[in-house]
Amino acid sequence: IMTQQVSGLLFFKPFFQKTPVRVDNPLQQRRHTLPASEFRNLTPQDAISVFEIEREAFISVSGECPLTLDEVLNFLGQCPELSLGWFEEGQLVAFIIGSGWDKERLSQEAMTQHVPDSSTVHIHVLSVHRHCRQQGKGSIILWRYLQYVSCMPGLRRALLICEDFLVPFYLKAGFKEIGPSAITVSNMHFQEMEYTLCGQAYSRRNSDC
């Protein structure tokens, strides 16, 4: 504050110091709030993004989607803890959806049912966004998913069905072939595969499970 005396009176003149004001770019602010890469459980709010990736990936190859949109919503509502999504800059790039199962082998009923508190997770679908394929993301999210469910109490194994051309992919990830599946979709036939979950060994290596 500066002062000035006029005719015996004392006046006060405010003095403002000019300081630069920082204005952040909204796009930069958004970039800071979204992690570059994040793995988390899916929610029903993710269902549309999930189904769009799934539809593009499977319709062009087999003409069939493993899960309808209603089934995606159903599983993400009943057992979101058995799903995993990979997000980059807030966008879904790959995902896995699973559900609980309580029989030795998968049956047609396993395609639409979730059995709570079971010892087996049925992996319904693994899919990668078309712009992110051929980058190893399928193998990475599968590895992350298997390590994640290994930490879940009570789960002992994972089951899935796949077409013959995908068998080497799952063998490389540690699955073993059980044999031809009883499940058929249209005219397609599948191999059933199993992965043994080593929960205790993984928990010892990762105390934050």
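Rule-based calculations on the coordinates, nothing more; no lab input. What you see is a predicted model; the values in this text were computed from it and never measured. Backbone-built Cβ (ideal geometry, glycine too); neighbour counts: all protein chains shown.
Segment Ile48..Asp164, full-extension length gain: 38.9 nm, with 0.36 nm per residue of separation and the alpha-carbon distance subtracted. Assuming charge only on the beta carbon of Lys and Arg (+1) and of Asp and Glu (-1), the dipole of the range 37-156 about its Cα centre is about 400 debye to the nearest 20. Converting the Cα gyration tensor eigenvalues of the range 37-156 into ellipsoid dimensions via √(5λ) gives semi-axes, longest first, of 22, 17, 13 Å.
Normalised by 2.2 N^0.38 Å, where N counts its residues, the alpha-carbon radius of gyration of the range 69-110 equals 1.38.
If each residue of separation counts as 0.36 nm, what is the full-extension length gain between Arg105 and Ser37 once their alpha-carbon separation is subtracted? Going from the current span to full extension adds 21.0 nm. Calculation over all alpha carbon pairs of the range 127-181 in 5 angstrom steps from 0 returns a P(r) of 4, 15, 25, 24, 19, 10, 3, 0 percent. In the range 37-156, taking the dipole from charged Cβ atoms about the Cα centre, the farthest positive-side position among Gln134, Val121, Ser83 is held by Gln134. Computed over every Cα-Cα pair of the range 87-209 and binned at 5 Å starting from 0, the pair-distance distribution P(r) comes out as 2, 10, 20, 22, 20, 16, 8, 2, 0, 0 percent.
Please find the FRET efficiency linking Ala182 to Asp70, where r is the Cβ-Cβ separation and R0 is fixed at 25 Å, and quote it to the nearest 0.05. It comes to 0.60.
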